[in-house]
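S.K.: I am attaching a structure below and will ask some questions about it afterwards.
The values are calculated or read from the model by the stated rules, or taken from the named source; none is laboratory data. Computed from a predicted structure; not experimentally measured. As a convention, Cβ positions derive from the backbone with ideal geometry for all residues, glycine included, and neighbour counts pool all protein chains shown.
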Amino acid sequence: MMPSPALRESARRLLARLRDALDQATDVLASRCAKSGKLDASLLDEHQVPCFELAWASAELLAAEQALSAWDAQIGELDRRLTLIFAVDAVTMIRDRLEALQAELELGGSANASITGDRSFQSLYRDVLTGTSILETARLLARDPASLAQVPLTEEHSLVEDQFARFAVEAVAPLAGSIHRNDLIVPEELLQPLREMGVFGLSIPERYGGSVVGDAEDNLTMIVVTEALSQASLAAAGSLITRPEILSRALLVGGTEAQKRHWLPRIARGDPLCAIAITEPDYGSDVASLSLRGTRVERGWLLNGAKTWCTFAGKAGVLMVVVRTDPDRSLGHRGLSLMLAEKPVHEGHAFDYVQQGGGRLTGRAIPTIGYRGMHSFDLSFDNFFVPDAHVIGEEQGLGQGFYYVMAGMVGGRMQTAARASGVMRAALLASLRYAQERKVFGAPLMDYPLTGSKIARSAARYAACRYLTYAVARLLNEGGGRMEASMVKLFACRSAEMVTRDALQIHGGMGYAEEMDVSRYFVDARVLSIFEGAEETLALKVIARSLLESALLPKAV
């Protein structure tokens, strides 16, 4: 198979047909979930299954469309092959989701029959995914793995990529396995050089001590750095940026000028390190129902309640805490505020901090199957005092905490997509090396068509994720792309699970051994679909809801 423009055009036409069918199903689903022209919460809950399929079909379709658009950037033969492979796989996936949507909505017609019986699809499938074609793609990847999923970067971004890739190989990778197997805390020998490299100030403007020029966002630098570090270790390096990313964006949106000048330079220096305390034991992703309460006292607030899954809480010197400051629970998210709670740094798996005056904060690291190094904590606040000056936005910020969190989460979701991309690349390259070295039944694994097909399809999915991540980052830099950021997070994180699973499978029994890096990639990848917005919440409450709201708007004539 030569990846010709004709093949790309054939794939584009099929995707366009699926786009039309998906738009029609979206219009029908929107009407089923609306009352008086507005979405109704109870109807949305009744239609969760089709809403979930809609969100996934939309994310996969966007990824396939963007993958084929990457040809315009003059990508090489390997990447043209991979984008075609993903596009053809995506046609099948989206077709099946449309079939489920049509069945749920009791619509006539069949996406399955329409696409499967199409001669152009049959021809495209035969040319791209069958016979020796896909094995040729795998062999091309084996000959030049460095050319996989190349994106055009400026000279400045290329230099940043090289700098952090070298640090990842030389400093992070030698420690990553030991940190994971022994459940260690990320050591200062990694944290201090990363501070000096400016990693904690990537979302902070220069005037506040960060690296962003002017007021424009620089999501591309954040993605470049995150990918490089995550390829060596998700927990020991790649995820260190997420918490300052979320907190700094929340401060930039909601903080007073005095708060920005006090906190942002310190966050940029990585002193203090920070953690984000949002999730509670009874509410998970339901941010609007959070209940940790803040009671107003002289000069500040007393916090009482629990938080969970607060990553890096031990090492952090400041926690961004979502607090219910209005006792009227009927206000939902409008009763939430953001506060900055300071605490000493603790190196271990548990801490107990008592303030002068008796306020108390205790924390215990949650044992996890992966994502070790930063540690996620259960926290308990007992009359813990936070001064008025540490309420983000001060008096004007009361009740605005939900909106400040959401402002921070957009960048956090993009950063998570980049983390997924780094882990996928590491797993892919590991499986490629092992398949070339490991002999079974007298031949290298790589010589067998099934192995080649797995590797090529995994590489195709990774390439689609990477192209989509960079495309959405550019959209965000231009002021758009908020819903697309949720889509790429949804798509990339599930993809990381699939790619690392196949990479481990290629390793066979050795893949199940902790001594092999691929086992760490597998258990680390599993957390990606859970944090920064669990995929169910992201699909139903953000992506599907946004798509249905758009469908209810008057159509342009």
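S.K.: Regarding LEU429, is this residue assigned to a helix (DSSP H, G or I), surrounded by fewer than 20 Cβ atoms within 10 Å (Cβ to Cβ), in contact with a helix residue (DSSP H, G or I) (Cβ under 8 Å, 6 or more places away or on another chain) and without any contact (Cβ under 8 Å) to a residue 24 or more places away in the chain?
M.R.: Criteria not met by LEU429.
S.K.: Going through the range 374-406 one residue at a time, which ones are under 12 Å from ALA313 (Cα atoms) and in contact with a helix residue (DSSP H, G or I) (Cβ under 7 Å, 6 or more places away or on another chain)?
M.R.: Across the range 374-406, the qualifying residue is only MET374.
S.K.: Confirm whether GLY332 is over 26 Å from TRP263 (Cα atoms) and small (Gly, Ala, Ser).
M.R.: Yes.
S.K.: Only one of (1) over 15 Å from ALA277 (Cβ atoms); (2) without any contact (Cβ under 8 Å) to a residue 24 or more places away in the chain; (3) in a strand (DSSP E or B); (4) not β-branched (Val, Ile, Thr) is not met by TYR353, so which one is it?
M.R.: So TYR353 meets the others, but not (1).
S.K.: From the list LEU234, LEU252, LEU264, exactly one residue is within 26 Å of ALA417 (Cα to Cα), in contact (Cβ under 8 Å) with a residue 40 or more places away in the chain, more than 21 Å from the chain's Cα centre (by Cα) and buried (at least 24 other Cβ atoms within 10 Å of the Cβ). Which is it?
M.R.: Only one candidate qualifies: LEU264.
S.K.: Is there any pair with a first residue in the range 500-512 that is at negative phi and a second that is among the hydrophobic types (A, V, I, L, M, F, W, C) and not in a helix (DSSP H, G or I) whose Cβ atoms are under 6 Å apart and which are 6 or more apart or on different chains, and what are they?
M.R.: These pairs meet every condition: MET510/MET516.
S.K.: Answer yes or no as to whether LEU292 is at pLDDT 95 or above and either buried (at least 18 other Cβ atoms within 10 Å of the Cβ) or aromatic (Phe, Trp, Tyr) (or both).
M.R.: no
S.K.: On the given criteria, is ASP524 buried (at least 23 other Cβ atoms within 10 Å of the Cβ), modelled with pLDDT of 95 or more and within 23 Å of ALA235 (Cα to Cα)?
M.R.: Considered against the rule, which asks whether it is buried (at least 23 other Cβ atoms within 10 Å of the Cβ), modelled with pLDDT of 95 or more and within 23 Å of ALA235 (Cα to Cα), ASP524 comes out as yes.
S.K.: Continuing with the same structure: If I filter the range 24-62 down to residues being more than 28 Å from the chain's Cα centre (by Cα), of a type in the set (A, V, I, L, M) and farther than 30 Å from PHE121 by Cβ, which single residue comes out as surrounded by the most Cβ atoms within 10 Å (Cβ to Cβ)?
M.R.: This residue is ALA34.
S.K.: Right, another one. On the given criteria, is VAL518 over 13 Å from the mean Cα position of the chain (by Cα), modelled with pLDDT of 95 or more and buried (at least 17 other Cβ atoms within 10 Å of the Cβ)?
M.R.: yes
S.K.: Between a residue in the range 290-302 that is free of Cβ contacts under 8 Å to residues at least 12 places away in the same chain and any residue that is in a strand (DSSP E or B) and surrounded by 16 or more Cβ atoms within 10 Å (Cβ to Cβ), which pairs come within a Cβ distance under 6 Å, given they are 6 or more apart or on different chains?
M.R.: Within 6 Å, the pairs are THR295/LEU302.
S.K.: Something else now. Would you mind telling me which numbered condition in (1) of a type outside the set (Gly, Ala, Ser); (2) touching a His at 6+ places or on another chain (Cβ under 9 Å); (3) free of Cβ contacts under 8 Å to residues at least 40 places away in the same chain MET339 fails?
M.R.: (3)
S.K.: Also: Can you tell me which condition MET339 does not meet? The list is (1) of a type outside the set (Val, Ile, Thr); (2) at pLDDT 95 or above; (3) outside the structural domain of THR242 (by TED's automatic domain parsing); (4) assigned to a helix (DSSP H, G or I), and all the others hold.
M.R.: Of everything listed in (1) of a type outside the set (Val, Ile, Thr); (2) at pLDDT 95 or above; (3) outside the structural domain of THR242 (by TED's automatic domain parsing); (4) assigned to a helix (DSSP H, G or I), MET339 misses just condition (4).
S.K.: Then there is this: Kindly indicate which of ARG545, ARG461, ARG482 is touching a residue at least 24 places away in the same chain (Cβ under 8 Å) and farther than 25 Å from LEU68 by Cβ.
M.R.: ARG545
S.K.: Do we have any residue at all in the range 211-229 that's under 18 Å from HIS375 (Cα atoms) and buried (at least 19 other Cβ atoms within 10 Å of the Cβ)?
M.R.: Yes, because at least one residue in the range 211-229 is under 18 Å from HIS375 (Cα atoms) and buried (at least 19 other Cβ atoms within 10 Å of the Cβ).
Residue-wise test of (1) over 25 Å from the mean Cα position of the chain (by Cα); (2) assigned by TED's automatic domain parsing to the domain that holds LEU202; (3) acidic (Asp, Glu).
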| residue | (1), (2), (3) |
| --- | --- |
| GLY76 | yes, no, no |
| LEU82 | no, no, no |
| SER123 | yes, no, no |
| ARG126 | yes, no, no |
| ALA142 | yes, no, no |
| ALA149 | no, no, no |
| LEU159 | no, yes, no |
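S.K.: Anything in the range 1-23 that is among the hydrophobic types (A, V, I, L, M, F, W, C), surrounded by 14 or more Cβ atoms within 10 Å (Cβ to Cβ) and within 17 Å of ALA90 (Cα to Cα)? List them, or say none.
M.R.: LEU7, ALA11, LEU14, LEU15, LEU18, ALA21, LEU22
S.K.: Just checking, which of ALA463, ALA389 is crowded, with 18+ Cβ neighbours inside 10 Å and either at pLDDT 95 or above or outside any helix (DSSP H, G or I) (or both)?
M.R.: ALA463
S.K.: Looking only at the range 10-41, count how many residues are closer than 15 Å to GLU104 by Cβ and not aliphatic (A, V, I, L, M).
M.R.: 6
S.K.: Which of the following residues is assigned by TED's automatic domain parsing to the domain that holds VAL542, in contact with a helix residue (DSSP H, G or I) (Cβ under 9 Å, 6 or more places away or on another chain) and not hydrophobic (A, V, I, L, M, F, W, C): GLU136, GLU60?
M.R.: None of the others qualify; the one that does is GLU60.
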